[in-house]
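Right, one structure below, let's go through it.
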Amino acid sequence: MPDYLLPQGAGYGVVVGIGLFFSGFMIILTAIQARYTGFSPKNSEEFNSASRSIKPGLIASGIVSAWTWAATLLQSSAVAYKFGISGPWWYGAGATVQILLFAMLAAKLKLNAPYAHTWLEIVGARWGRVAHGVFMFFGLATNIIVSSMLVLGGSATVTDLTGMHTVAACFLIPLGVAIYVVVGGMRSTLLCDYTHTAVLFAIILTFIFTVYATSDKIGSPTRMHELLTAASAVAPVEGNAHGSYITMRSKNGLIFGVINIIGNFATVFQDQAYWQRAIASRPATTVKAYLLGGLAWFAIPFTFATTLGLAAVALRGDPDMKILTPADVSAGLPASAAAAALLGKSGATALLILLFLAVTSACSAELIAVSSILTFDVYKEYINPRATEEQILRVGHAGVALYAVICGVAGTIFYYIGISMGWLYTFMGVLLGSAVVPIALAITWRKANKWGCIGGAIAGLCLGIVAWLVTAAARHDGVLTVETTGGDYEMLAGNLAAIGVGGIVATVVSYIWPEDFDWEATRSINKPAPVSKHTEAEKVQEDSDSDKKGEEIVSTKAASIADSFDANEEANELDPVALSKAFRFASWSSIGLFVILILLVPLPLFFSQHVYTVPGFTGWVAVGITWTFCSAFAVVLYPLWESRSAMAQIAKGVFKDLFQRGSGRYVAPTTTPKAEA
């Protein structure tokens with residue numbers, strides 16, 4: 001029986017114990033929110049979209065949390081272990097640009113469908129049920145693959161460190177998260193995201209300073225440079241300049257970068273979790289939130305992998321360092337091995353907690369995302385179009401619980417057929433990439449052709465799979481296994497064919513047979529009917545009467561932008577001129593950052609074949625550390641500042657409940673219609 005650094009009880013303690021702790025913590029926060037603010041999770045609009053009122057700092061924190069998968073920590077460190085410093089850059093930059101470019105889609109969403117619950121509602125309203133069904137396949141396939149990677153990566157590391165059974169971890173991780181998502185909905189998910197993100201940055205900074213400042217084994221960038229140089233002399237990296245780990249000239253690193261960019265376009269543009277955050281945000285600050293979140297997230301894989309991924313290389317031969325097999329690297333285990341070698345049981349425990357928080361926060365985003373699709377795109381669209389508020393909420397709760405079980409089942413299936421997180425990560429673009437351009441065109445371009453986009457998505461899927469398998473067969477004498485189909489060139493061929501064919505077919509057909517779509521059809525999705533002052537006053541009285549039954553006072557505008565907004569604020573934030581300006585700003589900003597991160601920085605370094613000296617490598621590390629601190633300020637401290645008024649309101653209510661007579665419960669302000677002269 002293999003020796004594990006931590007006892008099996010530690011694995012169950014983290015997965016079950018901390019999971020239940022955070023569930024209880026979020027349930028308490030949800031109860032406080034329901035009593036001391038105007039937002040109640042008993043309202044389906046609040047449950048699914050947080051009343052569309054979230055400010056940019058919390059949305060940015062939610063984006064960072066949702067985009068921090070198990071792969072963000074594990075796969076980024078694995079590519080650093082394989083390719084050197086180019087791996088963290090290509091992982092970070094190759095998965096940041098999609099969030100930045102998504103800011104454009106978020107702006108268009110607020111302009112063209114401000115009351116939609118899901119991106120599939122927009123597709124259905126524009127092109128009907130055939131398109132709705134086709135793209136729902138891609139949307140749900142995206143959620144299943146992302147969720148499977150989360151539980152596979154998380155369970156593999158828990159098993160490696162503690163010996164906890166992988167299948168138990170696969171089921172217990174999502175089930176614990178489902179508790180607080182069912183109770184609190186979207187706002188609870190975002191609050192959970194924030195707390196996880198804060199702890200995540202604290203632990204990452206601990207590892208950074210351990211490796212580059214205090215560790216006896218490494219302790220400085222200079223010593224890290226020495227150890228990496230020695231490692232490349234013993235085992236040169238194939239395809240790297242001079243076989244070095246400290247160069248951006250890495251052929252396999254560049255191939256991974258292309259695969260990473262394509263695959264992550266699919267998992268952002270087609271994942272309801274990211275649309276959900278755009279829907280939950282205030283229209284005026286949606287673009288700001290996505291640009292801030294994307295730039296803040298870059299620091300996590302880049303700096304974390306530059307720290308623990310390279311440390312795993314530097315510590316080869318150290319008596320405390322585990323010997324890693326190719327299967328271990330594919331499973332994403334270099335980070336945990338390095339953490340254990342550097343800090344022993346405390347390092348292993350810290351990484352276990354870090355990984356658990358990353359997995360559960362991203363899992364919560366997937367649960368609420370799939371629940372929204374099942375509620376609005378399956379139940380309300382095909383089963384019960386006249387569903388009541390209570391029925392919608394009940395289906396939303398059931399959807400969360402159902403998908404938690406599906407996550408466990410999917411992770412278990414992939415585990416038993418031998419597919420790892422790393423294999424699935426590079427494969428996702430083959431299966432999903434073909435729908436990226438068609439979906440973007442459907443949301444942003446009135447001339448996009450329905451059948452061109454549907455045909456492009458399907459043709460790209462088929463040809464992507466063909467290119468992937470043909471390349472694998474040609475390179476391995478017709479032998480197709482998990483190992484032979486998981487190579488860099490095989491995945492590159494499938495990824496390029498999928499996104500290329502899908503994009504070309506959709507664009508060319510749309511230019512030849514353009515449509516002239518009127519966006520008013522999508523702007524009317526779920527649009528609330530005007531409410532007269534008299535009706536509003538009557539409804540407020542009804543809500544006050546129902547309060548004796550324990551119900552919360554909520555807004556009557558079922559799909560309004562926010563219960564806390566008045567009509568003038570709502571009109572201002574949905575001003576088409578302002579939203580069009582926001583779209584142009586998002587376009588220029590995101591494209592500019594794409595050029596910098598993908599072209600101007602890495603490619604000259606790649607073609608120069610430069611190998612970093614000690615000062616150059618020290619500067620490289622310093623940039624990562626500085627970026628990490630800036631990110632922590634942006635998504636940990638800034639949300640506290642922008643929510644200061646809400647926290648003061650809650651504190652006032654709690655104080656009144658505890659120390660003064662009367663109730664501190666929030667009561668919605670009412671306006672009495674003026675008597676006519």
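The values are calculated or read from the model by the stated rules, or taken from the named source; none is laboratory data. Because the structure is predicted, anything quoted here is derived from the model rather than measured. Neighbour counts run over all protein chains shown; Cβ positions are idealised from the backbone, glycine included. Surface accessibility is based on the protein's heavy atoms, side chains included, excluding ligands, DNA and RNA. Shrake-Rupley method; radii C 1.70, N 1.55, O 1.52, S 1.80 Å.
Normalised by the residues of the chain, what does the relative contact order come to in percent, with Cα pairs under 8 Å and at least six apart? Before the final figure, lay out the partial values.
Details: 1210 pairs, mean separation 187.3, N = 677.
About 28 percent, as a whole number.
Can you give the FRET efficiency for V623 and A235, using 1/(1 + (r/R0)^6), R0 = 22 Å, r = Cβ-Cβ distance, to the nearest 0.05?
Numbers: r = 27 Å, r/R0 = 1.23.
Working from the Cβ atoms, E equals 0.20.
Taking 45 Å as R0, compute the FRET efficiency from the Cβ-Cβ separation of K656 and K581 and round it to 0.05. Could you put the intermediate results ahead of the total?
Numbers: r = 43 Å, r/R0 = 0.95.
Given R0 = 45 Å and the Cβ-Cβ separation, E is 0.60.
Can you work out the PRE-style zone for K345? Point 7 Å along Cα to Cβ, and I want the residues of region 140-155 with backbone N under 15 Å.
Zone members listed by number: none at all.
What order do L574, L175, L6 take when sorted by accessible area (1.4 Å probe), most exposed first?
L175, L574, L6
Can you tell me the accessible area per residue over the chain, all protein chains present, probe 1.4 angstrom, in square angstrom?
Working: 25610 Å² over 677 residues.
Counting only protein heavy atoms, the per-residue value for the chain is 38 Å².
Please give the peptides 622-634, 510-522 ranked by average Cβ packing (other Cβ atoms within 10 Å per residue), highest first, as a rough proxy for protection.
Details: 622-634: 17.2, 510-522: 13.6.
Final packing ranking: 622-634, 510-522.
In the P(r) worked out for region 350-429, what percent of Cα pairs fall beyond 20 Å? Each step should come with its number before you reach the end.
Details: 1546 of 3160 pairs.
Cα-Cα pairs in region 350-429 separated by more than 20 Å: 49 percent.
Along each of its three principal axes, how wide is the spread of alpha-carbon positions in region 426-500, in whole angstrom units, largest first?
Principal-axis extents of the Cα atoms in region 426-500, largest first: 47, 18, 14 Å.
Within 10 Å of each candidate Cβ there may be at most 10 other Cβ atoms; applying that plus a DSSP loop requirement, which trypsin sites (Lys or Arg not before Pro) in region 632-671 survive?
Details: sites: R644, K652, K656, R661, R665; in loops: R661, R665.
Within region 632-671, the qualifying trypsin sites (Lys or Arg not before Pro) (loop, at most 10 other Cβ atoms within 10 Å) are R661.
Between V595 and I353, what length in nm is gained on full extension when 0.36 nm per residue of separation is reduced by their alpha carbon distance? Show your work: numbers first, answer last.
Details: separation 242, 0.36 × 242 = 87.12 nm, distance 3.55 nm.
Value of the extension gain: 83.6 nm.
Report the equivalent ellipsoid semi-axes for region 117-263 in whole Å, largest first, defined as the square roots of five times the eigenvalues of the gyration tensor built from alpha carbon atoms. Can you show the working numbers first?
Values: eigenvalues 308, 124, 53 Å².
Square roots of five times the eigenvalues give 39, 25, 16 Å.
Quote to one decimal, in nm, the extra length available between L205 and F25 on full extension: 0.36 nm per residue of separation minus the C-alpha distance between them. It would help to have the intermediate numbers written out before the result.
Working: separation 180, 0.36 × 180 = 64.80 nm, distance 2.44 nm.
Fully extending the segment from L205 to F25 adds 62.4 nm.
Ignoring ligands, DNA and RNA, what percent of the 1.4 Å accessible area of region 63-197 is carbon and sulfur? Walk me through the numbers before you get to the answer.
Values: 1500 of 2010 Å².
So the carbon and sulfur contribution to the accessible surface is 75 percent.
Ignoring ligands, DNA and RNA, what percent of the 1.4 Å accessible area of region 219-309 is carbon and sulfur? All intermediate terms of the calculation are to be shown ahead of the outcome.
Numbers: 1330 of 2140 Å².
Carbon and sulfur together cover 62 percent of it.
Consider just the alpha-carbon atoms of region 351-394 and return their Rg together with their Dmax, both in angstrom.
Radius of gyration, then largest Cα-Cα span, for region 351-394: 15.0, 48 Å.
Sorting Y194, Y180, Y489 by accessible area (1.4 Å probe), largest first, what list results?
Values: Y194 40, Y180 5, Y489 90 Å².
Largest accessible area first, the list is Y489, Y194, Y180.
Ordering Y12, Y612 from largest to smallest accessible area (1.4 angstrom probe), what's the sequence?
Numbers: Y12 80, Y612 30 Å².
Greatest to least solvent exposure: Y12, Y612.
So what is the orientation-averaged projected area of region 238-368, using the convex hull of its C-alpha atoms, in nm²? Intermediate values should be presented prior to the final figure.
Working: hull surface 39.8 nm².
Mean projected area of the Cα convex hull: 9.9 nm².
Ratio to report: Rg/Rh of region 212-292, with Cα atoms as the point set and Rh obtained by the Kirkwood method; give two decimals.
Working: Rg = 20.2 Å, Rh = 16.5 Å.
In region 212-292, Rg relative to Rh is 1.23.
Please compute the alpha carbon radius of gyration of the chain, then divide it by the globular-protein estimate 2.2 N^0.38 Å. Two decimals is fine.
Working: Rg = 25.1 Å, N = 677, 2.2 N^0.38 = 26.2 Å.
That works out to 0.96 for the chain.
Mean separation of Cα pairs under 8 Å and 6+ residues apart, divided by the residue count of region 180-302: what relative contact order is that in percent?
Computed over region 180-302, the figure is 9 percent.
For region 4-26 and region 375-409, compute the distance between their C-alpha centroids and round to whole Å.
29 Å
What pairs in K55/K380; K55/K581; K110/K652; K581/K652; K380/K581 have C-alpha atoms more than 31 Å from each other? Numbers along the way, then the final one.
Working: K55/K380 29 Å; K55/K581 19 Å; K110/K652 34 Å; K581/K652 39 Å; K380/K581 34 Å.
As for pairs spanning more than 31 Å Cα to Cα, those are K110/K652; K581/K652; K380/K581.
Hey, what do the phi angles of region 628-643 turn into as Karplus ³J(HN,Hα) couplings, whole Hz, using 6.51/-1.76/1.60 and θ = phi - 60°, x for Gly and Pro?
Here the 3J(HN,Hα) series is 5, 5, 4, 5, 4, 4, 5, 10, 10, 8, 4, x, 5, 5, 6, 9 Hz.
Eigenvalues of the Cα gyration tensor times 5, then square-rooted: what semi-axes does that give for region 297-435, in whole angstrom, largest first?
Calculated on Cα positions only, the semi-axes equal 39, 17, 14 Å.
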